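Below is one structure; the comments refer to it alone.
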Amino acid sequence: MTEDIVVAFRHFLQKLNDSEDALDPNVIREAVGDICRISDVAKLEITFYENIELEGSDNRVKLVLYENGVHDDNVIVDRRVTDGGGVVIYEFFHLNGGAEWCDRIRNRLALMISILFVFNSRQMLKQVANRFAYIDESGYHNLRYFCTQVESLGGKNDLQGKAVAHFNLRHFQAVNNQIGRKNGDTVMRRFIDDLEALTGCEIPVCRIGGDNFITIFDADKVDAVFGHLSGAVVRFGEDYGESIMLSATAGIYIVEADYRYAGISDLLDKVMPTSYIAKSAGREDIIFYSEELVNTKKHNATIQHIFPEALKKEEFLVYYQPKVDVRDGRMTGAEALCRWKHDGRLIPPDEFIPILEQNTDICKLDFYMIDHVCRDIRQWLDEGRQLPRISVNFSRKHILDVDLLKHLMEIIDRHNIPHHLIEAELTETTTDVEFKDLKRVVNGLQERGISASVDDFGSGYSSLNLIKEVPWNVIKIDKSIVPIDDDDESSPRTVMFKYVVAMAREMGLECIAEGVETKTQVEILKRYGCDIAQGYHYDRPLPKDEFEKRLDGIGIRK
């Protein structure tokens, strides 16, 4: 090769090697320019066909990679087939008036095409590999891609002023069931596209899996992101004539000004647990990371860690809170409540029950409680005491357990307890699946002679269908809708209470008001026909020895 062509090939190879995308036509044009000029090429065209069957059709991509001057009829055609079955055709058009193409020039052009073809093929393989590595089957960028982008920002100390959100679309399975999976895919894509448009961030929202996403964006867009995740109308269907509201539970971490990047795991350890807390937090769907949240997480982990040993050592105690007939002060029943005595301190339930409800530990505690209640009942029966019905709480997490009734009856019958002395308190449910299983459980309890009560009625999104469809024995009205001293007859709380009591009486259900603390509330209960009360006006939760005095009739409450 002459010195000019050697320099041209070096330039050609350098340009391809330096480029991050050798499939970019602009990169190729710049790379091949010197070789084409020295070789008297007027034009270089490249044509792509996706497969051999399409060759010769209009279903193709054609690019002009070099053009300089007028060409004559002398053309070199070089056809290549890729490993993927595609066809690439390179066409060199001879410069009119230029030197004739000798074998040396033809070989030179063939060499250039071979190098270009191999390099393009390698880049295509890299793109395919990158797609599999960074993009999921639905076209969303994945967690691996998110991590590489954040690592890049962290390495340049560019995370300050950013915020990270990890979120789950709420009830998306129900959305798919309602509008169909195809439309579900569409509304998910549009919800994410709209979020990306709001943030304007170069890094796309990435999907971790299912309806689970993560994104990083400028912190000054937090309010907009919060609003979108709280609820956004998404249109779908033919000509977008239908719409649906989508929302998400989310954890958001705003990167502090003095934050020092310590690796992607540090960032994920802040935002992902925050999201999980939000998902289990009831109505607080979006939570921001804070040091207080970190301390809560550590406390929760400690409780979960020491729980098995505490259960083994029987640190959990049964306290009994009487249920009282407001007409004469007689005790008509009692609720078994859990207290935890650990390291000399009596821990109230609101400090550990919500933590145990985050996993199946609460189910273990529930079975522990019914076992200890049955032990006490057996002792009292053997001592000749007359007993009212004792109610025991069962977490919603039991509802999907097909063996719940079997395990419950094994415990009750092992202690030879008459079934009518046990009442199972169950909380309201939130999904159709839970509702069906709740009906199954309550029907099973009824068949076995065990009473069932709906606990905390009115505290959540109560449904009259819950009362109509499930054969309860008892409704326990949550203290949030029990009138207080300052309520008049037209207050929402009083109106709701009055009609819930009337409905229960008409349906033949026993009605109990929870959280009764004053004499005025007792008079309100009498006025509206709610005969049973539970609360501090009559009794605080009592340890076993004090409850035994109540069983023996010491201290009728008025």
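Laboratory data are not the source of any read-out in this text; all were calculated from the coordinates shown. Note that the coordinates shown come from a computational prediction; the quantities given were computed from them, not determined experimentally. Cβ coordinates were reconstructed from backbone atoms using ideal geometry, including for glycine residues, and neighbour counts include every protein chain displayed.
When only DSSP loop residues count, what GluC sites (Glu not before Pro) in the range 22-118 have their Cβ near at most 12 other Cβ atoms within 10 Å?
The qualifying sites are 100.
Would you please give the FRET efficiency between residue 527 and residue 190, computed as 1/(1 + (r/R0)^6) with r the Cβ-Cβ distance and R0 = 45 Å, to the nearest 0.05?
The calculated FRET efficiency here is 0.25.
Only Cα pairs under 8 Å and at least 6 apart count here; give the relative contact order of the chain as a rounded whole percent. Walk me through the numbers on the way to the answer.
Values: 850 pairs, mean separation 46.0, N = 558.
Once divided by the residue count of the chain, the mean separation gives 8 percent.
Amide H neighbours of residue 347 under 5 Å, counting only residues 5+ apart in sequence or on other chains, H built in-plane at 1.01 Å?
Long-range HN contacts for residue 347: 340, 341, 342.
Tell me, what is the FRET efficiency for residue 382 and residue 290 to the nearest 0.05, using R0 = 35 angstrom and their Cβ-Cβ distance as r?
My answer for the efficiency is 0.05.
In nanometres, what is the gap between the two model label sites at residue 415 and residue 306, each 7 Å from Cα along Cα-to-Cβ?
So the label points at residue 415 and residue 306 sit 2.6 nm apart.
Per DSSP H run of at least 4 residues, take -39500 (n - 2.57); add these up for the chain, divide by its residues and hand me the 222 nm value, nearest 500 deg cm²/dmol.
Taken over the chain, the calculation gives -14000 deg cm²/dmol.
May I ask for the net charge around residue 94, where only other residues with Cβ less than 12 Å from the Cβ of residue 94 are counted and Lys, Arg are +1 while Asp, Glu are -1?
-3
How big is the dipole moment of the chain about its Cα centre under a simple scheme where the beta carbon of each Lys and Arg is +1, that of each Asp and Glu is -1, and everything else is neutral? Debye, nearest 20, please. Each step should come with its number before you reach the end.
Details: 68 positive and 93 negative charges, 288 e Å.
Magnitude of the dipole: close to 1380 debye.
Applying 1/(1 + (r/R0)^6) with R0 = 45 Å to the Cβ-Cβ distance of residue 357 and residue 156, what FRET efficiency is obtained, to the nearest 0.05? List each step's numbers first, then the result.
On the way: r = 43 Å, r/R0 = 0.95.
With R0 = 45 Å, the Cβ-Cβ based efficiency is 0.60.
Could you tell me what percent of the DSSP beta bridges with both partners in the chain are antiparallel, to the nearest 5?
65
Determine the relative contact order of the range 238-281: mean sequence separation of Cα pairs under 8 Å and six or more apart, normalised by residue count, in whole percent.
55
Among 192, 252, what is the fewest-to-most ranking by other Cβ atoms within 10 Å?
Ordered by Cβ neighbours within 10 Å, fewest first: 192, 252.
When the Karplus curve 6.51 cos²θ - 1.76 cosθ + 1.60 is applied with θ = phi - 60°, which whole-Hz ³J(HN,Hα) does each residue of the range 45-56 get, with x for Gly and Pro?
Listing the rounded values in order: 10, 10, 10, 10, 10, 5, 8, 5, 4, 8, 4, x Hz.
Subtract the Cα-Cα distance of residue 197 and residue 73 from 0.36 nm times their separation in residues, and report this length gain in nm to one decimal.
Here the segment from residue 197 to residue 73 would lengthen by 39.5 nm.
Taking amide H atoms as placed 1.01 Å from N in the peptide plane, list the residues 5 or more away in sequence, or in a different chain, whose amide H sits under 5 Å from that of residue 391.
Residues meeting the criterion, in which the H sits 1.01 Å from N, are 334, 335, 336, 423.
Grab the other residues whose beta carbon is less than 12 angstrom from that of residue 351, score K and R as +1, D and E as -1, and report the net.
With Lys, Arg at +1 and Asp, Glu at -1, the net is +1.
In what sequence do 286, 306 fall when counting other Cβ within 10 Å, fewest first?
Fewest to most other Cβ atoms nearby, the residues stand as 306, 286.
Under 5 Å between amide H atoms, partner at least 5 residues away or on a different chain: which partners does residue 71 have, H built in plane at 1.01 Å?
The list, which skips near neighbours in sequence, is 96.
Only Cα pairs under 8 Å and at least 6 apart count here; give the relative contact order of the range 274-397 as a rounded whole percent.
Taking the mean separation of contacting Cα pairs over the length of the range 274-397, I get 22 percent.
Give the label of the value calculated from the structure for mean projected area of the Cα convex hull in nm², choosing from [x] 38.3; [y] 28.8; [z] 27.1.
Given [x] 38.3; [y] 28.8; [z] 27.1, the structure-derived one carries the label [x].
With 10 angstrom as the radius, rank 360, 427 by how many other C-beta atoms surround their C-beta, starting from the fewest. Please report the intermediate quantities before stating the final value.
Working: 360 13, 427 18.
In order of increasing Cβ crowding within 10 Å: 360, 427.
In debye to the nearest 20, how big a dipole does the range 231-274 give about its Cα centre with +1 on each Lys and Arg Cβ and -1 on each Asp and Glu Cβ?
Numbers: 3 positive and 7 negative charges, 27 e Å.
Rounded to the nearest 20 debye, it is 140 debye.
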